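Throughout, read-outs are computed from the coordinates displayed, never taken from laboratory work. Because the structure is a prediction, the values reported are computed rather than measured. Note that each Cβ is placed from the backbone with ideal geometry, even for glycine, and that neighbours are counted across all protein chains shown.
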Amino acid sequence: MQIKILGTGCAKCMLLERNVKAVIETHQLQDIFLEKVTDFEEILNYNILTTPGLVVDGETKSSGGIPSNQQILSWLKND
């Protein structure tokens, strides 16, 4: 599974990254590649208007806010 955190380094972007990492570690999820995308041009390719953004296997799951850890877990487990 490939996860991308889209953001230029703002506080919300860093919080989303920490939350995703915490969910991965807490639930011992395997085979996950986590990437932080900070390049503005690349972020625009995901058609989001505000950061942070969360992309799971090429599908934008959220943008502009911080989803709950439960919602992140659901996306990562494909529930």
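Any idea what the relative contact order of the chain is, in percent, if you count C-alpha pairs under 8 Å spaced at least 6 apart?
40 percent
Take the alpha-carbon centre of segment 1-43, take the same for segment 47-79, and report the distance between them in whole Å.
9 Å
In degrees between 0 and 90, to the nearest 10, how far off the longest principal axis of the chain does helix 11-26 point, with axes built from Cα atoms?
Around 20 degrees separate the two axes.
Mind checking the dipole of the chain: about its Cα centre, +1 per Lys or Arg Cβ, -1 per Asp or Glu Cβ, Debye to the nearest 20?
300 debye
Relative to the present Cα-Cα distance, how much length would full extension add between ASN69 and THR26 at 0.36 nm per residue of separation?
14.4 nm
Stick to Cα atoms and the Kirkwood definition of Rh, then tell me Rg/Rh for the chain.
With Rh from the inverse mean 1/r over Cα pairs, Rg/Rh is 0.93.
Once the other residues with Cβ under 13 Å from the Cβ of ALA11 are scored (Lys, Arg +1; Asp, Glu -1), what is the net sum?
+1
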